[in-house]
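Some notes on the structure that comes next.
What follows draws every value from the coordinates through simple rules; no lab data is involved. What you are looking at is a predicted structure, and each value in this text was computed from that prediction instead of being measured. Neighbour counts run over all protein chains shown; Cβ positions are idealised from the backbone, glycine included.
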Amino acid sequence: MMLAAPTSPCFGAPANAVLDESTSSILQPKLRQNVHPTYPEGALKDHIHGDVSVLVDVNELGDVLNATFENGPTIFREAALSAARQLLFFPAEKNGQAVAVTTRVSFHFAPPPHDEDDLYELEVHSNVPDLEDTRARTTLTKTEIERSAGRGLAETVNGVPGVDISTGTSDTGKPIIRGHHERRILVLYDGIRHESQKWGPDHGTEIDPFSAGTISVIRGAAGVRYGPDAMGGVILIEPPPLRSKVGVGGTGLLAFQSNGLRPFGAFRMDVVPKTAERLTMRVEGNVARGANRTTPDYVLGNTASKTWNVGTRMRYWWDTGTLEASWHRHDFSGGIFYGVQSSSPQAFKAQLEQERPPTADLWSQTYTIDRPKQQVTHDRATLSMSHHGTWGKIDTRYAFQHNIRQEYEQVRSAQSGPQYSFTLRTHSVDSVYTHPVKAMSFGRLEGGLGLQGMFQENVYRGIPLIPNVRSFSGGLFGFERLSLPRADIEIGGRIDGLSRDVFFSPQEFSKHEKNGTLSLSECSEIGTTIQCANTYETGSVTVGTLIHAVPDHIDIKVDLSSANRFPNLDELYLSGSAPTFPVFATGTPNLDTETSWGGSLTIGARFVEFEGEVSAHASYIDNYIYFSPERTADDMPAYEVTIKGTWPRFNYNAVDATMLGIDGALSFGLHTPIGLHLSGSAIRGRNTADGSHLLWIPPDQIDATLIGRVPPVGALESLHVGFTVGYTAKQSRVAADADFAPPPPAFTLLDASLEATIQTRHVPIRVGLIATNLLNKKYREYTSLLRYYADNPGRNLHARVGIDF
Amino acid sequence: MRHFIALTPLFLAMNGCSDVHDHDHDHDHNHGVPTTLDLTFTGDNLAEPLTFRWTDPENDGSPVIDTITLPDGGDAAEHMAQEYTLTVRIYADLEGESEELTGEIDDDASFHQMLFWGDAVSGPATGDNPDALISHAYSDEDAEGLPLGLTNTVQTLALGEGSLDVMLRHLPPENDVAVKTADLAETVANEGLEAIGGDVDIQVSFPIVIE
């Protein structure tokens, strides 16, 4: 059974004298909550399109008191009336006072190209100004998520303005938002903080993009609502809405990438049994397999990977609430590029000047995953309940995440197993109480209180690198939002605390004693373990406003927010050399909490043939934890003499930093045969102590996409082609002598796409072909770890076929 | 918060037996991290072999490095070449008892090679060096007939002081193709270490005196 709600309601001046004569001076009611009508099954067979006009009576509070069918195909009458009665408005105004009026609402019905999931898709569009968040926020649609089928989360969100990717030396990537790398980004899946070993440069984000219905990227500090780490932004991933009608529905997707010969298959099915109409069950899974990727000149040896995901979800609902349980497993195995050599700094620097890695001729496009490699398994189980009444609403979630990461170095054949093994266990409870919407004559007040708690253990086994840890953390926050006809104002506050116990072996502890970073007087000795404790408390605030400067057309968002981050385990206690960098890294145990204070000004516009959002932002970060070369007491570079050579010492220091920038996207010709889409970003980051530029800040970039919309041809609908020219500048703002290699030169890439929907008798089929780096250009990305060793992958053709059933 | 802390035993129970304070599992694995390198010189002029050691048993960046002192075949007034057999032994000390790794390297000889260079050395990995105090030549080979370097021949060339750098290069095959080549040392001499594949297992420098 198919459902659809192709468009949002439209509003227009009534064509006859439904309203009283004074309505000309009335500020019309503004839609506050949209409702999608259900496409009637009876219309499906004949593929009926049609517009329905409904007159709705809206009272002084913005509620719909009555809805009357005016005109349109009668087959849509009940669906339109049902939806109209559920709409919510900001009340109409006359002379500043809320008044009751009757207005007209139009619904456009079209046969469903997709299933229920598309209700979500059609509600949100990339680059459309978001009318909820007071920060810049972009939501990716199902189609945009499908374009990245078989790729990771970072690649999926990479097209959002202000978002970049840090690709690793394995088949992994990490998102960067406004110059903030993954440490300062929060990823939430279904409202749960994703907890993993995200500190390593080659530790990808273990999230399955295909299990998402929507992915929203909030750009800017959002610590109050989401908690610590949300300094650069937040990636919110919501699963597709569960089916609510009796029957079976689902999605299937197949994709193939030419670079790395990578097939991908995915499947999702929802079932609502006739005998238990309030119960929905879902099973889903996908698998991707990849051979070694290729640059324009050579194969990237040992970059093959294998990923699979499987999950299930069940929901039971009753009149005042829902109970939901889910489990999901993500499993990733990936080789680490052969070219990442453990070598002396001198050899490493000399290697940077080489055109190609020395053994590149030996590498072939094989699916074999060899040492060095990484293997990650992430399990997530959740239990959530939502309950509402006249007293408000409470949502509570418990989650258990079990993340196992194992890393295998190239070793002698007498060695077996991983050389580094991390087990992270996280229990979390999140509860949010939302009070009833308080309707007042001048607006509506919404808000609530939230509580978050987390218990976490990190157990490390292997060559000494980091200690074991047990921690408790908790947060308490409150938020209120006042919605006025022309503006929304949001305020919030939050306090957080973290208590952490660290367990050292005598050998690990002796390293810190030798460095003078820890002493026994600060810790306690229990058997053969030395236990040290640290605690952090912090607070954050937010004040934001969303002004409807020209209602329905231009919105202005102003946001002032703070966010915090507790120091990571590696920043405090790391001691050792990394396989990817010829440096000896040491943590600094007395680091304090990072705090950012920032603001953003975002302007969004929506017209018939133009829409866009541009956001300027600035922030000051207190105690910005920074990985930099260590200096001796007489201000000379510090070195560590190890059995693998003499390596420079790097450590973590807290500096104060500023970051500012601008990002946004503009679309012209939204419905014309030819359209243009522009997006870009620029970021600047400085150490305020000496004015030097921060490392790893993405360079300026701009993309221009020409979109051609082709009228339907036979069964082909929604046919469009796109050509994108993307220019990435050279990052010329880097601190001297702070990096091993100079920034790579600027580059321009050409991408192309062809997408359509094939209407068949039974189900529509979505097809797409996307070519990236069409000209097979050689280039290196500044934010990529791979740039030290090899070129970026070359041309890739990505073909996909998807159906909903 | 009290309620939250009260949940701790529950969480611990769900985690199984918590192992966060237990480091003993480290001993379940033989990580085989080299920490000590011994160079032993034997020669017909020596009553006992001479062993010189580079060691950092805690692997914490505080090595103890011997100075290699070798008698020349002549005297203070006149140099005369003296030949020595140089054998290499490698140990792992991190995990309690010292464990010798030399056998593992010999077993994987096709994936390893010792390299010797420095301002005091003339040999395959350095090419001609007019200032060299010693010459180096490989005396052993792997199953493919390629040099290994656990046993070597060293001959004094001049009196003086300098440095001897020693590397154990790990050269596992890539895509099932051998990385180790017959001319590996010569490639280092001509193009530098960056021109060869593989990883560094050991790279140390000894002061050396020929007297």
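Structure above, values below:
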| item | result |
| --- | --- |
| Cα gyration tensor, region A:119-235 - rounded (a/c under 1.5), prolate or oblate | oblate |
| FRET efficiency estimate (nearest 0.05) - Cβ-Cβ, B:Glu186 to B:Ala143, R0 22 angstrom | 0.60 |
| Peptide-level mean, for A:409-418, of C-beta atoms on other protein chains within 10 Å | 6 |
| Integer Hz, Karplus 6.51/-1.76/1.60 couplings in order for region A:781-793, x for Gly and Pro | 9, 4, 7, 9, 5, 4, 4, 6, 10, 7, 6, 5, x |
| Distant-in-sequence amide H partners of A:Asp190 (H built 1.01 Å from N, under 5 Å) | A:Ile237, A:Glu238 |
| CD proxy at 222 nm, helix term only [per DSSP H run n ≥ 4: -39500 (n - 2.57); per residue of chain A; nearest 500] | -1500 deg cm²/dmol |
| Selected from A:Gly260, A:Ala633, A:Ser384, residue furthest toward positive end of dipole (chain A; charges at beta carbon) | A:Gly260 |
| Pairs beyond 24 Å (Cα-Cα), from A:Lys174/A:Lys730; A:Lys142/A:Lys198; A:Lys730/A:Lys777; A:Lys30/A:Lys142 | A:Lys142/A:Lys198; A:Lys30/A:Lys142 |
| Separation of the A:Ser718 and A:Tyr367 label points, Cα + 7 Å toward Cβ, nm | 3.1 |
| Under 27 Å from A:Lys514, Cα to Cα: lysines that are on another chain or at least 8 residues apart | A:Lys644 |
| Extended-chain gain in nm, criterion 0.36 nm per residue less alpha-carbon gap, A:Leu769 and A:Tyr316 | 159.2 nm |
| Gained length - A:Tyr727 relative to A:His671, 0.36 nm times residue gap less alpha-carbon distance | 17.5 nm |
| Computed over region A:119-235: relative contact order in percent, which uses C-alpha pairs under 8 Å that are six or more apart | 28 |
| Inter-chain shielding of A:349-359 (mean C-beta neighbours from other protein chains, 10 Å cut-off) | 4 |
| Gain upon complete extension [A:Arg32, A:Tyr433; 0.36 nm per residue less C-alpha separation] | 142.2 nm |
| ³J(HN,Hα) computed for each position of region A:457-468 - Karplus, 6.51 cos²θ - 1.76 cosθ + 1.60, integer Hz, glycine/proline x | 10, 10, 10, 10, 10, x, 4, x, 9, 9, x, 7 |
| Peptide B:99-111, shielding by other chains (average Cβ, 10 Å cutoff) | 2 |
| Relative contact order of chain A, pairs being alpha-carbon contacts under 8 Å that are 6 or more residues apart, as % | 10 |
| For the protein assembly as shown, projected area of the alpha-carbon convex hull averaged over all directions, nm² | 44.1 |
| Sorted peptide list for A:410-418, A:349-357, criterion being average Cβ within 10 angstrom, highest first | A:410-418, A:349-357 |
| Region B:33-210 shape via C-alpha gyration tensor axes, a/c threshold 1.5 | oblate |
| In nm, spacing of pseudo-spin labels at A:Ile526 and A:Val550 (7 Å Cα→C-beta vector) | 6.5 |
| FRET efficiency, A:Val541 to A:Gln97 (Cβ-Cβ, R0 25 Å, nearest 0.05) | 0.15 |
| Region B:55-96: C-alpha gyration tensor shape, a/c 1.5 cut-off, then a/b vs b/c | oblate |
| Over 27 Å (Cα to Cα) - which of A:Lys511/B:Lys180; A:Lys245/A:Lys557; A:Lys349/B:Lys180 fall in this group | A:Lys511/B:Lys180; A:Lys245/A:Lys557 |
| Under Karplus coefficients 6.51, -1.76 and 1.60, residue-wise ³J(HN,Hα) of region B:102-112 in Hz, glycine/proline x | 4, x, 4, 5, 5, 4, 9, 4, 5, 10, 9 |
| Spin-label proximity, A:Ala799 to region A:249-279 - amide N less than 18 Å from point 7 Å beyond Cα toward beta carbon | A:253-266 |
| Rounded FRET efficiency, nearest 0.05, which uses the C-beta distance separating A:Phe256 from A:Trp199 and R0 of 30 Å | 0.35 |
| Built amide H within the under 5 Å cut-off of A:Leu300, gap 5+ | A:Arg293, A:Thr294, A:Thr295 |
| Region B:90-211: relative contact order as a whole-number percent, Cα under 8 Å and 6+ apart | 26 |
| Spacing of the two label points (7 Å from each Cα toward its C-beta) at A:Glu609 and B:Thr51, in nm | 8.7 |
